[in-house]
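No lab work stands behind these numbers, since they all come straight from the coordinates. These figures come from a predicted structure and were not determined experimentally. Counting neighbours? That spans all protein chains shown, and the Cβs are built from the backbone with ideal geometry, glycine included.
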Amino acid sequence: MKKTILVTGGTGFIGSHTVVELINEGYEVVVLDNLYNSKEVVLDRIKTITGVRPKFYETDILDKEGLKKVFEENKIDAVIHYAGYKAVGESVEKPITYYQNNIAGSLNLYEVMSEYGCKTVVFSSSATVYGDPEKLPISEDFPLSTTNPYGTTKLFNERILEDIYVSDNDWSILLLRYFNPIGAHKSGLLGETPVGIPNNLVPYIAQVATGQREFLRVWGNDFDTVDGTGVRDYIHVVDLALGHIKAIEYALNNKGVEAVNLGTGNGYSVLQVREAFEKACGIPIPYQIFDRRAGDIASCYADTTKAKELLNWEAKYNIDDMCNDGWNFSKNNPRGIE
């Protein structure tokens with residue numbers, strides 16, 4: 001019998017790609033999203049790709065009665081929990097909003113899951129829980145700290161889930177700490193659609209390529225890196241989605257709590273990503289250097305050993321694949337998914 005997976009935030013960037021891969025693997029999928037940062041038309045695009053339009057609830061995780069309705073009407077076997085605000089800069093400006101939504105909302109979800117006997121969850125965590133690491137690559141046993149409220153909400157969720165398991169060993173919990181997802185679905189139908197000025201590098205580059213922005217802002221060129229610009233571990237969103245499939249398989253068959261990095265293990269600088277995107281689109285991407293932003297670190301990339309050993313997963317796509325697929329989406333959807 002098919003297992004039914006609830007995906008909170010399932011119409012978002014990573015969520016929508018994960019829904020596609022879950023359907024491809026034969027799971028029944030239920031999507032919950034408040035459409036704060038996405039659109040319901042995403043579900044039609046998922047149907048175009050997979051032939052299946054997943055069951056959808058326009059519900060907020062802060063709405064406990066709305067959550068109960070989802071569990072009342074469906075036999076949910078496991079949850080992939082993406083729903084939450086995700087902009088680092090905005091979290092500094094609106095910490096109460098971020099703590100209320102990302103922590104109180106998650107507590108609602110975990111409480112309702114427990115009430116309905118669903119004790120398997122894959123949580124969308126982040127490399128931000130490592131703060132500014134003392135060395136590289138970053139492995140899961142590094143000390144945890146945060147430099148902004150967004151990262152703190154991820155770390156608090158991890159602690160909450162660890163405590164839930166201590167109180168009830170029947171839970172199966174995967175904490176997936178991922179690095180910098182970019183790229184898009186090969187079809188060009190799904191990709192990242194930022195609201196307003198993009199917070200992330202590649203959507204910003206794409207808006208320069210499509211003529212919506214004049215130049216790329218590069219924050220700092222005096223880091224101790226290959227070219228002075230910040231280095232990050234960029235991972236193709238489809239690789240990331242497939243990592244969640246492996247995580248669900250593991251969680252459905254193993255009790256306990258495991259934290260796992262999802263990255264490529266390779267670091268690329270801002271200018272290297274710009275160069276790769278320029279190659280993909282054939283359009284010059286002018287840039288200007290600005291002062292470093294407070295809190296930015298020089299380099300961040302993952303040790304991916306545990307993902308390979310525990311989940312039998314590793315990233316397949318390289319930076320050229322990521323930029324080619326990202327450009328394919330951007331040129332077909334210059335204003336994002338509408």
Task: Signed unit charges on C-beta, dipole axis of the chain, positive-most listed residue TYR27, PHE71, ASN102 - done: TYR27
Task: Folded to 0 to 90 degrees: helix 237-251 orientation relative to the chain principal axis, Cα - done: 30 degrees
Open item on the list: Can you list residues from other chains, or at least 5 along the same chain, whose modelled amide H is less than 5 Å from the amide H of ALA302?
Closed with: ILE138, THR264, GLY265, ASN266
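Treat every Asp and Glu Cβ in the range 181-315 as -1 and every Lys and Arg Cβ as +1, leave all other atoms uncharged, and give the resulting dipole magnitude about the Cα centre to the nearest 20 debye. It would help to have the intermediate numbers written out before the result.
Values: 12 positive and 16 negative charges, 63 e Å.
With Lys and Arg at +1 and Asp and Glu at -1, about 300 debye.
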TODO: Specify which residue in the list GLY243, ASN324, ASN266 is farthest towards the positive end of the charge dipole of the chain, using unit charges on the beta carbon of Lys, Arg (+1) and Asp, Glu (-1), about the Cα centre.
DONE: ASN324
Task: Nearest-ten-degree value, helix 13-24 long axis tilted from longest Cα axis of the chain - done: 60 degrees
- [ ] Within the set of other residues whose C-beta is less than 15 Å from the C-beta of ASN261, count the net charge using Lys and Arg as +1 and Asp and Glu as -1.
- [x] -2
- [ ] May I ask which residue of GLY256, TYR204, ASN169 lies farthest towards the positive end of the charge dipole of the range 166-258, with charges of +1 (Lys, Arg) and -1 (Asp, Glu) on Cβ and the Cα centre as origin?
- [x] TYR204
TODO: Give, rounded to the nearest 20 debye, the magnitude of the charge dipole that the chain has about its Cα centre when Lys and Arg contribute +1 at Cβ and Asp and Glu contribute -1 at Cβ.
DONE: 680 debye
TODO: Please list the non-local residues whose amide H lies under 5 Å from the amide H of PHE56, H modeled 1.01 Å from N, same-chain partners needing a gap of 5 or more.
DONE: VAL31
Open item on the list: Report the Cα centroid-to-centroid distance between the range 22-37 and the range 121-200 in angstrom, as an integer.
Closed with: 19 Å
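With +1 on each Lys and Arg Cβ and -1 on each Asp and Glu Cβ, how big is the dipole of the range 284-323 about its Cα centre, in debye rounded to the nearest 20?
Values: 5 positive and 7 negative charges, 20 e Å.
With only Lys, Arg, Asp and Glu charged at Cβ, the dipole is about 100 debye.
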TODO: List the residues whose amide H sits under 5 Å from the amide H of SER126, counting only those 5 or more places along or on another chain, with H placed 1.01 Å from N in the peptide plane.
DONE: TYR178
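Run the numbers on the chain and let me know its relative contact order in percent, using alpha-carbon pairs under 8 Å that are six or more apart. Show your work: numbers first, answer last.
On the way: 679 pairs, mean separation 65.9, N = 338.
So the answer I get is 19 percent.
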